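One structure, as structure tokens, below. Some questions next.
The values are calculated or read from the model by the stated rules, or taken from the named source; none is laboratory data. These figures come from a predicted structure and were not determined experimentally. Neighbour counts run over all protein chains shown; Cβ positions are idealised from the backbone, glycine included. The accessibility values were calculated without ligands, DNA or RNA, using every heavy atom of the protein model including side chains. Shrake-Rupley method; radii C 1.70, N 1.55, O 1.52, S 1.80 Å.
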Amino acid sequence: MKFFINARYLIVPISSLITIFGIFIGSTYAWTGVILFGLYTIIDTLTKDIHLKAEIDDDGNSYGIKIFQYLVMYVMLPVFITIQIILAWRIYQYTSGVVLQNLSLGSIEYQNGISGINLIGAVISSALWAGLGIIYGHELSHNKKEGFFVSRLIMALSGASHFTYAHVYNHHLDLGHEDDPATAPRGRNVYLHTWLSHAGQSKFSFDMEAKKLKNQGKSFINKDNRWLLGYFYSLPSIFLFIWSGGLVGLVALAAVWILSNFLLEALNFMGHYGLIRKDGAVEHRHSWDNDSVFTSWFFIEIGRQCDHHVRGETYFWELDDVGGPNYGIGYFSLFVLTLYPPLFRKFVHKHLDNWDKNFATDEERLIANKFNIDQLGKASLVS
Amino acid sequence: MLKIFKKNKIPKRAALLQSNINFEVLPRTTLLSSALSKGIDWPHRCKVGSCGTCKCRVVSGEVKPNIDFSYTLNQEEIDAGFVLACQSELLSDIEVEINIKNKEKK
């Protein structure tokens, strides 16, 4: 029981290693990461109706093994670095015009050199799994010791190191409020949200750092400026990709960053879309839960947003269903819907109406009605 | 070497001066979580160090901050000994004052 509960969270680490192996083998195997993503979308959709509670022993303790889970999360940093290195190697081969030929390394056969189409597969595979690394960057952002720094480095691999500060000091404090750029208001689509949320969180981190340095009597250009430092942490990736393929390398890195940040902001989008909080404490009703079984295991319970935002200090394996707003489907399935905004809005309509009726306070309902009229051209079912 | 493994394994005690409450804080446990587990109605909100609701003033003793308090507390507060209970572990027994008037920052 204890082994299974801990091992079930290894889907991403194992899949990341398979993706790396696929890019190494080359040829059409470079698309392995994309195939896995598609396969998991199907599994998530097929298992959407299975929801589990957090398991605890007779003494009320979690079965989670902290040292094991933290070890896995720390190990994911070199795994994500390896994804970038293996991709850079393939870009180097492509831009150097390495002739396609089958070689072997011990008993492993691989294709030396890579075609343009398979390089695209390698880039998308890398981007998808770098983007999914967010779940570790997120979890570790709530660890205030060395884990926080590891979170910064993981996020820096996607050019988003500002996330670690903005998530804790902005998103967790201002959730559901207009001051939180990561909360998507009703009517916004995921594509616009990606840019606005990313820029808004970076600006928050910039302003927070500027204020801190000013209070300390230091100039903005300073080694203690963590907003700047975060972007410096991304420099090794930039150098690596320029070295590997010049302009092609830079374009590939840009694609990886754009797609991985799109996944990050899609999670923010799905986690709080259209929910409203008037001043006051963050409650369960200010988040959407996505806790179908595959989403829970794959995304290390990040979908238990309602509990997470009220108990931000709680380890992911201890988070539980708290009866908050729930989409009823997993992240993979919902993500597909968000890609076509009219379909997403149609899907979310009934959930928002339910939230307005059964979760919102009177003040929140008033704001929701204003949004419904201004943004969606209709009054809420609740008046 | 052995000292590294031995350090910080002894529970410390926190005394709340204004309410005459005294409780134990285990190693690797924050002041706030210890207080809450003892049923003490310590003001708190985000529990991740961003809102400042749980701030208190350490009158004596030493705490180990888990985060840089300067993002949430201003320099005057830090100089006056204010800490965030949700992000403070104890390095020694401490005496604290809680600013219970400031329950909501926002």
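Compute, for chain A, the length of the dipole vector about the Cα centre, with Cβ point charges of +1 (Lys, Arg) and -1 (Asp, Glu) only. Units Debye, rounded to 20.
Numbers: 30 positive and 33 negative charges, 202 e Å.
Using Cβ point charges on Lys, Arg, Asp and Glu, chain A gives about 980 debye.
Using a probe of 1.4 angstrom, how much of the accessible area of the range A:164-264 is carbon and sulfur, in percent?
Reported share for carbon and sulfur atoms: 71 percent.
Could you please state how large a percent of the accessible area of the range A:265-383 is carbon and sulfur, counting protein chains only and using a 1.4 Å probe?
In the range A:265-383, the share of accessible area belonging to carbon and sulfur is 55 percent.
Under 5 Å between amide H atoms, partner at least 5 residues away or on a different chain: which partners does residue B:25 have, H built in plane at 1.01 Å?
B:12, B:13, B:14
Please label the shape of the range B:11-98 as rounded, prolate or oblate, based on the square roots a ≥ b ≥ c of the eigenvalues of the alpha-carbon gyration tensor (a/c under 1.5 means rounded; beyond that, a/b larger than b/c means prolate, else oblate).
It is rounded, given that a/c, with a ≥ b ≥ c, falls under 1.5.
Something else about it: May I ask for the accessible area buried between chains A and B, both sides summed, probe 1.4 Å, to the nearest 100 Å²?
1800 Å²
Taking the 0 to 90 degree range and rounding to the nearest ten, how far is the long axis of helix A:66-95 tilted relative to the main principal axis of chain A, both from C-alpha atoms?
50 degrees
Quote to one decimal, in nm, the extra length available between residue A:115 and residue A:228 on full extension: 0.36 nm per residue of separation minus the C-alpha distance between them.
Values: separation 113, 0.36 × 113 = 40.68 nm, distance 3.72 nm.
Full extension from residue A:115 to residue A:228 adds 37.0 nm.
Quick one: if you stick a label point 7 Å off each Cα along the C-beta vector at residue A:21 and residue A:311, how many nm between them?
Here the modelled spin labels are 3.6 nm apart.
Would you mind telling me which residue in A:214, A:350, A:203 has the biggest mean-square fluctuation in a Gaussian network model of chain A, where springs connect alpha carbons within a distance under 10 angstrom?
Comparing A:214, A:350, A:203 in a Gaussian network model of chain A, the most mobile one is A:214.
Keeping every protein chain in place, order A:310, A:336 by accessible area at 1.4 Å, biggest value first, i.e. largest first.
Accessible-area ranking of A:310, A:336, largest first: A:336, A:310.
Which whole number gives the average, over all residues in A:162-174, of C-beta atoms from other chains lying within 10 Å of the residue C-beta?
3
Ok, one more. What does the highest-first list of A:52-59, A:325-332, A:264-271 look like by mean Cβ count within 10 Å?
Put in order of decreasing packing, that is A:264-271, A:325-332, A:52-59.
On to the next question. Build a GNM of chain A with springs between Cα atoms under 10 Å: which of A:152, A:188, A:90 gets the top mean-square fluctuation?
With Cα springs under 10 Å in chain A, the top fluctuation among A:152, A:188, A:90 is at A:188.
Within a 10 angstrom radius of each residue's Cβ in B:47-56, how many Cβ atoms of other chains show up on average? Whole number is fine.
That average works out to 5.
Where Lys and Arg each count +1 and Asp and Glu each count -1, what net charge lies around residue B:86 among other residues with Cβ under 10 Å from its Cβ?
+3
Follow-up. How would you order A:233-245, A:190-202 from highest to lowest mean count of nearby Cβ atoms within 10 Å?
Put in order of decreasing packing, that is A:190-202, A:233-245.
Heavy atoms of the protein only, probe of 1.4 Å, neighbouring chains included. What is the accessible area of residue A:177 in Å², nearest 10?
Per-residue accessible area (residue A:177): approximately 30 Å².
What number, in percent, do you get for the relative contact order of the range A:2-340 if the mean sequence gap of Cα pairs under 8 Å and at least 6 apart is divided by its residue count?
Relative contact order, the range A:2-340: 23 percent.
Show the residues, 5+ positions off or on another chain, whose built amide H is closer than 5 Å to the amide H of residue B:64.
Residues meeting the criterion, in which the H sits 1.01 Å from N, are B:89, B:90, B:91.
What is the local net charge at residue A:25, summed over the other residues whose Cβ is closer than 14 Å to its Cβ (Lys, Arg +1; Asp, Glu -1)?
Numbers: positive: A:90; negative: A:109.
So the environment of residue A:25 carries a net charge of 0.
For a 24 Å ceiling on Cα separation, which of these pairs sit above it: A:48/A:144; A:218/B:12; A:48/A:278; B:12/B:55; B:12/B:47?
Working: A:48/A:144 34 Å; A:218/B:12 36 Å; A:48/A:278 32 Å; B:12/B:55 19 Å; B:12/B:47 21 Å.
Going by Cα-Cα distance, A:48/A:144; A:218/B:12; A:48/A:278 fall outside the 24 Å limit.
Using θ = phi - 60° and the Karplus relation 6.51 cos²θ - 1.76 cosθ + 1.60, list the HN-Hα couplings for the range A:329-341 in order, rounded to whole Hz, with x at every Gly or Pro.
10, x, 5, 4, 5, 5, 4, 4, 5, 5, 5, 10, x
Report the FRET efficiency, 1/(1 + (r/R0)^6), for residue A:347 and residue A:177, where r is their Cβ-Cβ distance and R0 is 25 Å, rounded to 0.05.
With R0 = 25 Å, the Cβ-Cβ based efficiency is 0.55.
Based on the Cβ-Cβ distance of residue A:336 and residue B:28, what FRET efficiency does E = 1/(1 + (r/R0)^6) give at R0 = 35 Å, to the nearest 0.05?
On the way: r = 42 Å, r/R0 = 1.19.
According to the calculation, E is roughly 0.25.
Between helix A:362-376 and chain A, what is the angle of the helix's C-alpha long axis to the longest principal axis, kept within 0 to 90° and rounded to the nearest 10?
Its long axis makes an angle of about 60 degrees.
What's the local net charge at residue A:317, with K and R +1, D and E -1, over the other residues with C-beta under 15 Å away?
Value of the local net charge: -4.
Mind running the shape call on chain A? Use the C-alpha gyration tensor, a ≥ b ≥ c as the square roots of the eigenvalues: rounded below 1.5 for a/c, prolate if a/b tops b/c, oblate otherwise.
In terms of gyration-tensor shape, prolate.
Follow-up. Hey, can you grab everything whose amide H is under 5 Å from the amide H of residue B:53? Only 5+ residues off in sequence or another chain; H modelled, so Pro and N-termini drop out.
The answer is B:45, B:46.
In sequence order, what are the phi-derived ³J(HN,Hα) couplings for the range A:303-315 according to the Karplus relation 6.51 cos²θ - 1.76 cosθ + 1.60 with θ = phi - 60°, rounded to whole Hz, with x for glycine and proline?
Computed from phi, the couplings for the range A:303-315 are x, 7, 5, 4, 6, 4, 6, 8, 10, x, 8, 8, 5 Hz.
In addition: Enter the accessible area of residue B:60 (Å², nearest 10), with the probe set to 1.4 Å and all protein chains included.
40 Å²
So, one more: Using a simple spin-label model with points 7 Å from Cα along the Cα→Cβ vector, what separation in nm is obtained for residue A:354 and residue A:235?
Between residue A:354 and residue A:235, the simple spin-label model gives 5.0 nm.
Quick one: if you stick a label point 7 Å off each Cα along the C-beta vector at residue A:189 and residue B:9, how many nm between them?
6.0 nm
Considering only A:204, A:225, A:258, whose Cα is most displaced toward the positive end of the charge dipole of the range A:175-284, charges sitting on Cβ of Lys, Arg (+1) and Asp, Glu (-1)?
So the residue we want is A:225.
Relative to the longest principal axis of the C-alpha atoms of chain A, give the angle of the C-alpha long axis of helix A:32-46, reported between 0 and 90° and rounded to the nearest 10°.
The helix A:32-46 is inclined about 30 degrees to chain A.
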